[in-house]
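Please treat every number below as a calculation from the coordinates, not as lab data. No experiment lies behind these values; they were computed from the predicted model shown. Every residue, glycine as well, gets a Cβ built from its backbone with ideal geometry; the counts of neighbours run over all protein chains shown.
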Amino acid sequence: MNRIDTRFAALRHAGRAGLIPFVTAGDPSAEATVPVLHALVDAGADALEIGVPFSDPMADGPVIQRASERALARGVGLRRVLSMVAEFRTRDASTPIVLMGYLNPLEIYGYERFARDAQAAGVDGVLMVDSPVEEAAELTPLLARFGIEQIFLAAPTTADARLARVLERARGFLYYVSFAGITGADKLAMGDVRGSVQAIRAATSTPVAVGFGVKDPQQAASIAAFADAVVIGSALVEVLAACADATAAAGAARSFLAPVRAAMDAARARSAA
């Protein structure tokens, strides 16, 4: 059983919403990435989403774009990201890891070679922004052969017929984009998100994680009341960008995420009361 499925089953049994922080590998430094990942788990992360630096991250806002640029300038590419995952796994064998990025680095690396090396490193899922379900006929089964789940996106603009196809093929979790736009933008309309997520959850047993635009504990807590998981990225990446070294970055990651975890747990407790 994939670590993603195991973790969501445990969350469901405990009546908790998952917390999935996003960081860009190699920012604020290559040396800080693995300590930051461990700090996030210590602070309550249930899974980790690691951004693979890319030169043209079209779905990302300026915060993550700049983080990718800095990481690339430090020489952090896909091979280095996989080595970071492998290093993380020497201390943590259970926390699910999803790589998020774009197809071009995978195409250069080679799909089968990537799938094999990602499995060896300890990757559990892959979310490629520019690999929609209609164009994933080659990648999805290849990843599955190596025990890796391809995570798909849905958005408020996703037509019903297309959403049905996405839900049919969704594995691990469905990443629901809270609004039509780029990461980090400030357009979160909680009522609309709640209605859409509730409709999706009624149509599938695949967990639904909500991301894009989640900035603080209050927003995360509101989403935790109706979604299976919350993804928080740009706000965390921005905090980490100001850190001078690995120790400072790990401390900042822990300080940022702990209140988010506490707020989400409190929201679920209120809902259950």
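Nearest-5 percent of antiparallel DSSP beta bridges in the chain?
The antiparallel proportion sits near 0 percent.
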Per residue of the stretch 212-220, in order, report the coupling 6.51 cos²θ - 1.76 cosθ + 1.60 (Karplus, θ = phi - 60°) as ³J(HN,Hα) in whole Hz, putting x for Gly and Pro. 6, x, 7, 10, 8, x, 5, 5, 4
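Over the chain, what is the relative contact order in percent, taking alpha-carbon pairs closer than 8 angstrom and at least six residues apart?
Computed value for the chain: 25 percent relative contact order.
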Using unit Cβ charges (K, R positive; D, E negative) and no other charged atoms, how large, in debye to the nearest 20, is the dipole of the chain about its Cα centre? 600 debye
Along the charge dipole of the chain, which of Val208, Ser55, Val85 sits closest to the positive end, that is, farthest toward it, with unit charges on the beta carbon of Lys, Arg, Asp and Glu (+1, +1, -1, -1)? Val208
Taking placed amide H atoms and a strict 5 Å upper bound, the residues 5 or more places from Leu19 or on another chain that come that close are Asp46, Ala47, Val230
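Quick one: which of 258-271, 163-176, 42-55 comes out on top by average Cβ neighbours within 10 Å, and what's the full order, highest first?
42-55, 163-176, 258-271
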Let me know the shape class of the chain, please: from the alpha-carbon gyration tensor, a ≥ b ≥ c as square roots of the eigenvalues, rounded when a/c is under 1.5, otherwise prolate if a/b is greater than b/c, or oblate. rounded
Cβ crowding within 10 Å averaged over residues, with 122-129, 8-15 ranked highest first: 122-129, 8-15
Determine the shape class of the stretch 40-118: with a ≥ b ≥ c the square roots of the Cα gyration tensor eigenvalues, call it rounded for a/c under 1.5, and otherwise prolate if a/b is greater than b/c, oblate otherwise. oblate
Using a/c under 1.5 as the rounded threshold, could you call the stretch 203-273 rounded, prolate or oblate? The axes a ≥ b ≥ c are square roots of the C-alpha gyration tensor eigenvalues, and prolate needs a/b larger than b/c, oblate otherwise. prolate
Could you list which residues have their amide H under 5 Å from that of Thr24, counting only those 5 or more apart in sequence or on another chain, with H placed in the peptide plane? Gly51
Square roots of five times the Cα gyration tensor eigenvalues for the stretch 75-122, Å: 19, 11, 10
Ala199 and Ala73 label points (each 7 Å along its Cα→Cβ direction) are spaced in nm at 4.4 nm
Let me check the size of the stretch 129-273 from its C-alpha atoms; what are the radius of gyration and Dmax in Å? 16.5, 48
From the phi angles alone, apply the Karplus equation (6.51, -1.76, 1.60; θ = phi - 60°) to the stretch 235-241 and give each ³J(HN,Hα) in whole Hz, x where the residue is Gly or Pro. 4, 5, 4, 5, 5, 5, 4
Span per principal axis, largest first, for the Cα atoms of the stretch 1-132 (Å): 41, 30, 29
At a 10 angstrom cut-off on C-beta neighbours, averaged per residue, how do the peptides 28-39, 244-255 rank from highest to lowest? 28-39, 244-255
Karplus-derived 3J(HN,Hα) from phi for the stretch 144-157 (6.51 cos²θ - 1.76 cosθ + 1.60, θ = phi - 60°), whole Hz, x at Gly and Pro, runs 4, 4, 9, x, 10, 9, 8, 8, 10, 9, 9, 9, x, 8
